[in-house]
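The values are calculated or read from the model by the stated rules, or taken from the named source; none is laboratory data. No experiment lies behind these values; they were computed from the predicted model shown. No Cβ is skipped: glycine too gets one built from the backbone with ideal geometry, and neighbour counts run over all protein chains shown. The accessibility values were calculated without ligands, DNA or RNA, using every heavy atom of the protein model including side chains. Shrake-Rupley method; radii C 1.70, N 1.55, O 1.52, S 1.80 Å.
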Amino acid sequence: MTGELVFVGGGHAHLTALVRMADYIRRGHRVTLISPVTHHYYSGMGPGMLSRIYAPEDIRFHLEKLAADRGASFIKGRVVRVRPADRLLILESGREVSYDVVSFNTGSSVPTNLATDGMKNVFPVKPIVNLLKAQRTILDMIAGGKPHIVVAGGGPAGVELSGNIHRLVSEHGGEADITLVSGGKLLPSLPDKVRKLVLVSFQNRCIRVLEHSPVIRIEDGETVLLEGTRLRHDVVFLALGVKPSPLFKASGLPVGDEGGLLVNDYLQSVGHPEMFGGGDCVSFQSLSLDKVGVYAVRQNPVLHHNLMAALEGGQLERFLPQKVYMLIFNLGDGTGIFVRKKWVWNGRSAFLLKDYIDRAFMRKFQVSGEREDHSDAPE
């Protein structure tokens, strides 16, 4: 019995299944990948791309070519509604795509009520391709002056962005006034040793850090903080956490508190057994997970197995998340900070470990000639 398998999004949790799309096709199933972009960028190397440690081709996957090389169909478009009773996906263009089994890995966006849509030189950290646009903007600015750059968000993304902005500017002979603004304490969920290491590193590079200073408004040329402080800016980065796509709630599907597709331990929708998902766009019925890439990567083989099982009536496998995971920060100056529970160490070796892990991950899934493609992505 053949089936229609549709992937919505080409994120990290889908990569094993996408690289092995031919497995489904050889068994008689039809496979379609829908994505609003033809290139997916790996978020773990995004700040390094911003600072030019990595070239764009080092950190992206060519989704359209990946599908074509394996005999699958690729549709460039955005799914805006699901009609589960009819097993239909509705695209922004109005096109309808049917499925027997569907998997969502639509990632996340930066939540903000700051009304910055259409505002010039304001760059949310996601999608990651925004960092490439920001890089070009900053390089243009330092050629003619000393721009003021504000990074809003005191989590890991804000820290890595700030350090790598400094590298980008200094490596190109420029100067910039860089301010990292944290709504609360910097890196509140991590051991305080990590925060102290970051503060020392940033102080040595004249990167200003403002803690307990929520951003309440962004105006043309100024970032306004809760206590009334107004920071001059030429460029703003938004790294204020992540939220899932509104797609699932808008479609009347069971969702978690943050709006992610509510799934069980099999990465399967609790309301619709033919639906699966992974990464930042899902919420678990039985547990709460941090929004870190390691979980999406670990979901890869489970999702691939369960999609095949759903098509062919096989036994599903459980996703068992690890209780402890490591984080490694790229501080932009050739050093990193390694964190695993309360174990913290920093230096050049920490960055080299992160670099090795990230490059190994990319080699595993860059199977469509991405590293030879030096052209700008069309998105």
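Here is the tail figure for the chain: Cα pairs spaced more than 34 Å apart come to 29 percent of all pairs. Stretching the chain fully between Arg95 and Asp265 yields a gain of 58.0 nm (0.36 nm per residue, less the alpha carbon separation). By accessible area, using a 1.4 Å probe on protein heavy atoms only, the chain has 49% of its surface on carbon and sulfur.
Applying a DSSP loop filter and a limit of 13 other Cβ atoms within 10 Å to the chymotrypsin sites (Phe, Trp or Tyr not before Pro) in region 341-374 leaves nothing. Between His172 and Val292, residue separation times 0.36 nm minus the direct Cα-Cα distance comes to 40.1 nm.
How big is the Kirkwood radius of region 9-48, worked out from every pair of different alpha carbons and given in Å to one decimal?
The Cα-based Kirkwood calculation yields 11.7 Å.
Over region 157-235, with the other protein chains present, what is the accessible area per residue in square angstrom, probe 1.4 angstrom?
In whole numbers, region 157-235 has 46 Å² accessible per residue.
Each residue of region 117-131 is assigned a 3J(HN,Hα), and the resulting list reads 4, x, 6, 6, 6, 10, 10, x, 5, 10, x, 4, 4, 4, 5 Hz, derived from the Karplus form 6.51 cos²θ - 1.76 cosθ + 1.60 (θ = phi - 60°), x at Gly and Pro. Between amide H atoms placed 1.01 Å from N, distances below 5 Å from Phe276 occur with Val102, Ser103, Phe104, Ser269, all of them 5 or more places distant or on a separate chain. Each Lys or Arg adds one and each Asp or Glu subtracts one; over the other residues with Cβ under 15 Å from the Cβ of Val19, this totals +3. With a cut-off of 12 Å between beta carbons, the residues surrounding Phe74 carry a summed charge of +1, where Lys and Arg count +1 and Asp and Glu -1. Considering the zone a paramagnetic label at Lys76 would reach in this model (a point 7 Å from Cα along the Cα-to-Cβ line), which residues of region 1-38 have amide N under 12 Å from it? Residues passing the 12 Å test: 35-38. The label point for Lys185 and the one for Ile216, both projected 7 Å from the Cα toward the Cβ, are 2.4 nm apart.
Per-residue ellipticity at 222 nm computed for the chain from its helices equals -8500 deg cm²/dmol, with DSSP H segments shorter than 4 residues left out and the rest contributing -39,500 (n - 2.57). Inter-label distance, Leu320 to Arg371: 3.4 nm, where each label sits 7 Å from its Cα along the C-beta direction. Counting only aspartates and glutamates at least 8 places from Lys146 when in the same chain, those with an alpha carbon closer than 12 Å to its own are Glu175, Asp177, Asp234.
Legend: residue pairs Lys133/Lys342; Lys249/Lys364; Lys243/Lys342; Lys65/Lys354; Lys126/Lys249; Lys120/Lys323, Cα-Cα distance threshold 31 Å; pairs beyond threshold, Lys133/Lys342; Lys249/Lys364; Lys120/Lys323. Summing +1 for each Lys or Arg and -1 for each Asp or Glu among the other residues whose beta-carbon sits under 12 angstrom from that of Tyr295 gives +1. The calculated FRET efficiency for His272 paired with Arg363, based on their beta-carbon distance and R0 = 35 Å, is about 0.45.
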